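**Student:** If you scroll down you'll find the structure; I have some questions about it.
The values are calculated or read from the model by the stated rules, or taken from the named source; none is laboratory data. Keep in mind that what you see is a predicted model, and the values were worked out from it rather than measured. When we count neighbours, we look across all protein chains shown, and the Cβ atoms used for this are built from the backbone with ideal geometry, even at glycine.
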Amino acid sequence: MTEIYQLDSQPWMEEVETRRVIDALSKQGQDVRFVGGCVRDALVGREIKDIDIATPDFPEKVIELLENAGIKAIPTGLDHGTITAVCNHKVFEITTLRLDVETDGRHATVAFTDNWVEDAARRDLTMNALSASLDGKIYDPFGGVQDLRDKHIRFVGDAVTRIEEDALRLLRFFRFQAWYGGSEIDPIGLEATRQKAQMLGGLSAERIHSELMRLLAAPDPIPVLKAMLENEIFPGFLPEVTRIDILNAFIQLEGRCDPLVRLVALLDGAPVPEKASIPDRLRFSTAEKQHFLSLINPDYDINLSTEEPIFREALYRVGSGLVSDLLRLQMAREGQNFESKQALDLSKRVEEWRPVFFPLQGRDLIKAGLKPGPQMGRRLKATEEWWIERAFTPSQQECITFALEN
């Protein structure tokens with residue numbers, strides 16, 4: 001039986017663009033509702049990031065209704081009934097009600113329906129199976145509102161079946177536990193994830209990467225990661241994870257939440273060659289890969305005992321962000337904190353660091369009479385090292401003089 005609740009008026013519901021889209025879709029009397037994360041997050045007072053809408057109309061009809069109202073309609077996923085509406089640069093994802101006809105753990109073949117409960121039944125978690133009308137009436141067929149209040153992360157229907165339909169739901173279960181759950185993990189869901197952990201190996205790298213980073217971005221992912229470790233979830237997709245104590249210590253020290261750095265801490269103890277394969281295996285972006293590799297195999301050994309000249313050079317060459325991450329990672333490994341004067345002084349150095357730029361270039365030496373070639377390159381390098389050793393204080397003219405005389 002579907003329970004009915006009332007949601008207080010929401011600013012995002014009252015926006016002109018939202019009302020235009022809803023009015024267009026319901027012009028012929030259709031029951032059009034908000035679904036998914038926007039309903040869930042509105043109930044707990046969190047920021048609404050995306051507005052998803054569901055309708056019993058088929059995609060072709062959705063496009064017609066939107067275009068008749070002067071709203072841009074983009075057929076982003078016709079096979080799955082998804083249309084993207086753009087109204088005054090605001091984006092809405094609109095999906096036809098559907099049910100799964102066939103699943104293989106990665107993809108689903110769907111059929112369209114006009115039954116809201118059938119559509120809700122194909123969703124992963126009870127708190128994600130909610131829908132709401134424009135007047136704030138919430139429809140809850142599976143007890144999601146109470147689960148949300150109780151911080152109880154629970155699969156819709158049979159947990160094993162939900163995971164078999166799409167193995168990514170296994171990771172989503174843990175991610176939602178980290179973001180919305182309480183101190184206790186649903187035992188039925190947890191057992192289902194343990195039974196089906198091997199299915200993670202069949203997921204695309206991009207899906208795993210996205211879900212893992214969102215999990216690690218949670219305010220305190222440690223209890224969930226501990227449960228994943230104890231229930232042997234990691235061997236299915238990230239076997240390098242064998243401990244969480246370094247990550248736990250690192251989170252107490254981090255200045256900002258960076259899921260990628262947290263991942264490095266989570267992987268602490270694994271051999272560098274094995275960790276070095278992860279960016280390609282999980283399809284990191286080029287920037288992510290470069291940063292990850294710089295953290296697991298750094299050019300500089302940064303810790304509380306690092307000598308001043310090396311610390312200064314590291315700040316100059318790799319930047320304060322990487323130096324800060326390396327320092328905190330090493331402090332976590334050594335069980336240190338920021339109570340000591342040495343730690344506070346180094347932290348202040350990092351915070352106060354401002355990039356400096358070597359004042360000498362090849363063209364400056366050419367103007368001074370030096371011929372281009374390998375010798376000039378060697379002199380530039382030697383001069384830069386001399387300039388760094390002197391705390392970046394020599395002027396351009398002093399650098400030119402040094403380069404010509406050495």
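**Student:** Select from region 192-208 the residues that are crowded, with 20+ Cβ neighbours inside 10 Å and within 16 Å of the chain's Cα centre (by Cα) and list them in ascending order.
**Tutor:** Within region 192-208, just ILE208 meets the criteria.
**Student:** In this structure, does LYS49 turn out to be in contact (Cβ under 8 Å) with a residue 12 or more places away in the chain and farther than 25 Å from ARG122 by Cβ? Write out each step before concluding.
**Tutor:** Working: in contact (Cβ under 8 Å) with a residue 12 or more places away in the chain: yes; farther than 25 Å from ARG122 by Cβ: no.
Taking the combined requirement at face value, the residue does not satisfy it.
**Student:** Something else: Looking only at region 87-109, decide whether some residue is crowded, with 20+ Cβ neighbours inside 10 Å and small (Gly, Ala, Ser).
**Tutor:** no
**Student:** Further question: Within region 107-153, which residues are of a type in the set (Lys, Arg) and more than 24 Å from ASP8 (Cβ to Cβ)?
**Tutor:** ARG122
**Student:** Inside region 348-362, can you point out the residues that are in a helix (DSSP H, G or I) and either loosely packed, with under 10 Cβ neighbours inside 10 Å or touching a residue at least 60 places away in the same chain (Cβ under 8 Å) (or both)?
**Tutor:** GLU352
**Student:** Taking ALA270 as the residue in question, decide whether it is surrounded by 12 or more Cβ atoms within 10 Å (Cβ to Cβ) and not in a helix (DSSP H, G or I).
**Tutor:** yes
**Student:** Do the conditions hold for ALA129, that is, is it within 18 Å of ARG162 (Cβ to Cβ), aliphatic (A, V, I, L, M) and touching a residue at least 12 places away in the same chain (Cβ under 8 Å)? Even if it seems obvious, please write down each step before you answer.
**Tutor:** Details: within 18 Å of ARG162 (Cβ to Cβ): yes; aliphatic (A, V, I, L, M): yes; touching a residue at least 12 places away in the same chain (Cβ under 8 Å): yes.
Considered against the rule, which asks whether it is within 18 Å of ARG162 (Cβ to Cβ), aliphatic (A, V, I, L, M) and touching a residue at least 12 places away in the same chain (Cβ under 8 Å), ALA129 comes out as yes.
**Student:** Okay, moving on. Please list, ordered by first then second residue, the pairs with beta carbon atoms under 8 Å, 6 or more apart or interchain, first in region 385-405 and part of a loop (DSSP other than H, G, I, E, B), second of a type in the set (Ser, Thr, Tyr).
**Tutor:** PHE392/TYR316
**Student:** Same structure, new question: Given the criteria crowded, with 19+ Cβ neighbours inside 10 Å, in contact (Cβ under 8 Å) with a residue 12 or more places away in the chain and under 19 Å from ARG172 (Cα atoms), does GLY36 qualify?
**Tutor:** Here the answer is yes, as GLY36 does meet what is asked.
**Student:** Look through VAL117, VAL145 and report the one residue that is touching a residue at least 40 places away in the same chain (Cβ under 8 Å), under 15 Å from ILE4 (Cβ atoms) and in contact with a helix residue (DSSP H, G or I) (Cβ under 8 Å, 6 or more places away or on another chain).
**Tutor:** From the options VAL117, VAL145, the qualifying one is VAL145.
**Student:** If you don't mind, there's one more thing I want to ask. Looking at region 52-87, which of its residues are closer than 17 Å to VAL16 by Cα and touching a residue at least 60 places away in the same chain (Cβ under 8 Å)?
**Tutor:** Correct list: ALA85, CYS87.
**Student:** Can you tell me which of ARG262, ARG312 is basic (Lys, Arg) and within 22 Å of the chain's Cα centre (by Cα)?
**Tutor:** Exactly one residue qualifies, and that residue is ARG262.
**Student:** Restricting attention to region 289-297, does a residue exist that is in contact with a Lys or Arg (Cβ under 7 Å, 6 or more places away or on another chain), under 20 Å from ARG175 (Cβ atoms) and either aliphatic (A, V, I, L, M) or modelled with pLDDT under 95 (or both)?
**Tutor:** No, region 289-297 contains no residue that is in contact with a Lys or Arg (Cβ under 7 Å, 6 or more places away or on another chain), under 20 Å from ARG175 (Cβ atoms) and either aliphatic (A, V, I, L, M) or modelled with pLDDT under 95 (or both).
**Student:** While we're here: Restricted to region 167-177, and to residues that are of a type in the set (A, V, I, L, M) and under 13 Å from LEU125 (Cβ atoms), which residue is surrounded by the fewest Cβ atoms within 10 Å (Cβ to Cβ)?
**Tutor:** Kept after step one, since they are of a type in the set (A, V, I, L, M), are these residues of region 167-177: 167-168, 170-171.
Filter once more, so that each one left must be under 13 Å from LEU125 (Cβ atoms): 168, 170-171.
Numbers: LEU168: 21, LEU170: 29, LEU171: 24.
By that ranking, first place goes to LEU168.
**Student:** Please work out which residue is surrounded by the fewest Cβ atoms within 10 Å (Cβ to Cβ), limiting yourself to region 324-338 and to residues that are within 22 Å of the chain's Cα centre (by Cα) and hydrophobic (A, V, I, L, M, F, W, C). Don't jump to the end; show me each part of the working.
**Tutor:** Taking region 324-338 and keeping what is within 22 Å of the chain's Cα centre (by Cα), we get 324-326, 328-329.
If we keep only those that are hydrophobic (A, V, I, L, M, F, W, C) too, we end up with 326, 329.
Numbers: LEU326: 23, LEU329: 25.
Here the answer is LEU326.
**Student:** Out of ASP41, ASP8, ASP57, I need the residue that is outside any helix (DSSP H, G or I), surrounded by 15 or more Cβ atoms within 10 Å (Cβ to Cβ) and not basic (Lys, Arg). Which one?
**Tutor:** Values: ASP41 fails: outside any helix (DSSP H, G or I); ASP8 fails: surrounded by 15 or more Cβ atoms within 10 Å (Cβ to Cβ).
Exactly one residue qualifies, and that residue is ASP57.
**Student:** When you scan region 282-297, do you find a residue that is more than 19 Å from LEU260 (Cα to Cα) and either part of a helix (DSSP H, G or I) or free of Cβ contacts under 8 Å to residues at least 60 places away in the same chain (or both), even just one?
**Tutor:** no
**Student:** Now for a separate question. What residue, among those in region 220-260 that are in a helix (DSSP H, G or I) and free of Cβ contacts under 8 Å to residues at least 24 places away in the same chain, is surrounded by the fewest Cβ atoms within 10 Å (Cβ to Cβ)?
**Tutor:** So the residue we want is GLU230.
**Student:** So, in region 298-320, of the ones that are in a helix (DSSP H, G or I) and of a type in the set (Ser, Thr, Tyr), which residue ends up surrounded by the fewest Cβ atoms within 10 Å (Cβ to Cβ)?
**Tutor:** Among them, the one singled out is SER320.
**Student:** Is it true that VAL91 is modelled with pLDDT under 95 and either outside any helix (DSSP H, G or I) or not charged (D, E, K, R) (or both)?
**Tutor:** no
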